[in-house]
Amino acid sequence: MHIIPRMNGEAISESTITADAPAGERYLLLADISGYTSFLSGVELEHGLDFSGGIPAAYGILAALLDTVIEGIAPAFALVKLEGDAVFAAAPAGSLDGQGDRVVEMIGSTYRAFVEARTRAIPSSDHICTACPAVAYLDLKAILHRGPAVRQAVGAGSDLLGPSVTVAHRLLKNTVRDRIGHRPYLFMTDAAAAGLGLSGVGLGHAEEYPDAGRVEGRIIELDVIPSAGTAPT
C-alpha cells in the first residue's frame, strides 16, 4: 500500500484519501474561472466558429488553467467533474477536519500557480489576435462548503448529489464582489469553517437564496493568503 504524507505531517495510506464512501460528510470545493464567458465570446468574434484551420490557442490556455487548479488541490481534493469554467472537487470530511490553516494555504498556493500559468499564457505583443490577450483578465473565485453528499452512478460515471451540493453551487452566484470589488476570493461557509477550525478568519458575509435560505460564511481574498504559515485573520 502506497503511503503519502498527510497535511499535518503524519503519514496516511493512499486508500484513506481515495476510498470515497458512497455517502458521507464531505468538503465540497468549487473553483470557478471568472471572465471565462466573455473571454470565449471575444475569441469567437475574433476567430469565428470555423475551426477547420485549427483550434484557437485560447482553448488550450483555458485547459491549462483548469489543469493548474486540479493539480494544485490534489491530493487533498479529488476531482468530481469539470463544469465548463469550474472545477468541482471533494474530500472526505474526516481527512481535512481541523486542518484549516493548511487547507487555506493550499488554496492560496493553487491561486498563485494559477496566476503564474495565466502570466505565461499572455500572448506576445506581436500576437495578431485581439481576443487572446484578454487572458490577463481571467481570475479565480472559490467556494468551500461542508455537508453530506451521496455519490450516485450517472451514465458511465458518477456524480455527487444532495442538498449540500446544491448549496455549494448556488453560492457561485453571490454578492461577494459587491463588498470586496473585483478581487479573487474564497467564500467558505460557516459549516466548512467550523469543521476546519477557522471560524474567526476573513470577513463575515451571508447570502440568501429562495430555495437554500440564508448561508453564512467567511470571505478570504486569495491574493493575500501567505505562502506559508497560518491562514489570514
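Some points to look at:
- Under 13 Å, Cβ to Cβ, from LEU82 - net charge with Lys/Arg +1 and Asp/Glu -1: -4
- Vicinal HN-Hα couplings computed from phi for the range 162-168 (Karplus, 6.51 cos²θ - 1.76 cosθ + 1.60; Hz; Gly/Pro x): x, x, 5, 5, 4, 4, 4
- The label-point distance for VAL154 and THR175, in a model that sets each label 7 Å from Cα toward Cβ, rounds to 3.0 nm.
- Local electrostatic count at GLU216 - Lys and Arg +1, Asp and Glu -1, tallied over other residues with Cβ under 11 Å: -1
- The range 158-208 shape via C-alpha gyration tensor axes, a/c threshold 1.5: oblate
- Long-range amide H partners of GLY98 with built H, under 5 Å: LEU196, GLY197
- Per-residue ³J(HN,Hα) for the range 71-88, Karplus 6.51 cos²θ - 1.76 cosθ + 1.60, θ = phi - 60°, Hz, x for Gly and Pro: 5, x, 8, 7, x, 4, 10, 9, 5, 8, 5, 8, 10, x, 9, 10, 9, 10
- Residue ranges 91-99, 209-217 sort as 91-99, 209-217 when ordered by packing (mean number of other C-beta atoms within 10 Å per residue, highest first).
- Sorting the segments 188-196, 21-29, 60-68 by their mean number of nearby beta carbons within 10 angstrom, highest to lowest, gives 188-196, 21-29, 60-68.
All of the numbers you see were taken from the coordinates with simple rules; none came from a lab. Note that the coordinates shown come from a computational prediction; the quantities given were computed from them, not determined experimentally. Backbone-built Cβ (ideal geometry, glycine too); neighbour counts: all protein chains shown.
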